[in-house]
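So the structure is just underneath, and the comments pick up after that.
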Amino acid sequence: MSFYADHVFPVVLDIATRPLMPQRKALIAAAKGRILEIGIGTGANLPFYSDLASEIVGIEPDRAMLAKAQQMAAKSHTAAVVKLAIDDAQNLQFPNDSFDTVIMCLVLCTIPDPVKAVQEAYRVLKPDGQLLFLEHVRAPSTMVARLQNWATPAWKHLGCGCHLNRDTESTIHSAGFRFLHIERYQHPKMMTLGASMIQGVAVKS
Ligand SMILES: C[S@@+](CC[C@H](N)C(=O)[O-])C[C@H]1O[C@@H](n2cnc3c(N)ncnc32)[C@H](O)[C@@H]1O
């Protein structure tokens, strides 16, 4: 990729998302069974898996990110088997109905075709499986959403493909998921244009 993408962005990402640690912890605590974490990045969620996790499969298209996740996996104390692989959320290598939990954490802002990625998550989840998500999204305020639209073309470069203005709740719903629980909130410690969050649990309907 580039020096920025390989060496600078992973560090910036970890620092910029530090305020989300409590939200990451709460999300990941509910992950159970055989788990697929989409776009695992630097592995920032790995310390938060509980004993409910039996196997964690982390996929990532970016080799530099995956190398960082491998270092994090080596340090993490999870009892689960951790497997990390290069893969694309838009075209997953796994058969239908193969995971109990799919995690999408701060990825639907970045994946080029988020609709395809959510359809793939739906496909690989078992019929009684759960999608756990934590995403920054298009703001409910029209004025902030306009600013997000304006800033996104430049932001995409800084954030290695990140969009500030995606309606991710609709994307998840349109793939056929039913929300068991969804929280919509403004994160008080994130910068305004990336502070509108959704977090929750969705199941196959
Ligand atoms: C903002 S980072 C979040 C990383 C991590 N999930 C976290 O919570 O810190 C977005 C991640 O999505 C990954 N990504 C981008 N395109 C992807 C794709 N097509 N399939 C899977 N992951 C992708 C990026 O490489 C990056 O690691």
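The values are calculated or read from the model by the stated rules, or taken from the named source; none is laboratory data. No experiment lies behind these values; they were computed from the predicted model shown. Quick reminder, even Gly has a Cβ in these numbers, built from the backbone with ideal geometry, and neighbours come from all protein chains shown.
Table: residues versus (1) of a type outside the set (Val, Ile, Thr); (2) outside any strand (DSSP E or B).
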residue	(1), (2)
Arg146	yes, yes
Ala151	yes, yes
Gly161	yes, yes
His173	yes, yes
Phe179	yes, no
Pro188	yes, yes
Leu193	yes, yes
Ile198	no, no
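Look at (1) under 20 Å from Val124 (Cα atoms); (2) near the ligand (Cβ under 9 Å from one of its atoms); (3) not aromatic (Phe, Trp, Tyr) and you find that Leu20 fails only one, number (1). Close contacts from region 132-156, counting a first residue that is of a type in the set (Asp, Glu) and a second that is part of a helix (DSSP H, G or I) and modelled with pLDDT of 95 or more, with Cβ to Cβ under 6 Å and a gap of 6+ residues or different chains, come to Glu135/Thr168. On the stretch given as region 67-121, residues that are among the β-branched types (Val, Ile, Thr), without any contact (Cβ under 8 Å) to a residue 60 or more places away in the chain and either crowded, with 18+ Cβ neighbours inside 10 Å or away from the ligand (no atom under 14 Å from the Cβ) (or both) total 4. Scanning region 115-136 for residues that are under 12 Å from the mean Cα position of the chain (by Cα) and more than 14 Å from Val203 (Cβ to Cβ) yields a count of 4. Among residues of region 30-54 that are among the charged types (D, E, K, R), those with a Cβ under 6 angstrom from a residue that is more than 10 Å from the ligand (Cβ to nearest atom), sequence gap 6+ or separate chain, pair up as Lys32/Leu52; Lys32/Asp100; Lys32/Thr101; Arg34/Glu55; Arg34/Phe99; Arg34/Asp100.
Right, Ala44: within 11 Å of the ligand (Cβ to nearest atom), over 15 Å from the mean Cα position of the chain (by Cα) and either part of a loop (DSSP other than H, G, I, E, B) or surrounded by fewer than 20 Cβ atoms within 10 Å (Cβ to Cβ) (or both) or not? Criteria not met by Ala44. Going through Val12, Val8 one at a time, which residue ends up being more than 11 Å from the ligand (Cβ to nearest atom) and outside any loop (DSSP other than H, G, I, E, B)? When all the criteria are applied, what remains is Val8.
For region 104-132, a residue qualifies if it is under 17 Å from Ala53 (Cβ atoms) and touching a helix residue (DSSP H, G or I) at 6+ places or on another chain (Cβ under 7 Å), and the qualifying residues are Met104, Cys105, Leu131, Leu132. Within region 178-195, residues that are of a type outside the set (S, T, N, Q) sit with their Cβ atoms under 6 Å from residues that are modelled with pLDDT under 95, at 6+ positions apart or across chains, in these pairs: Arg178/Ser205.
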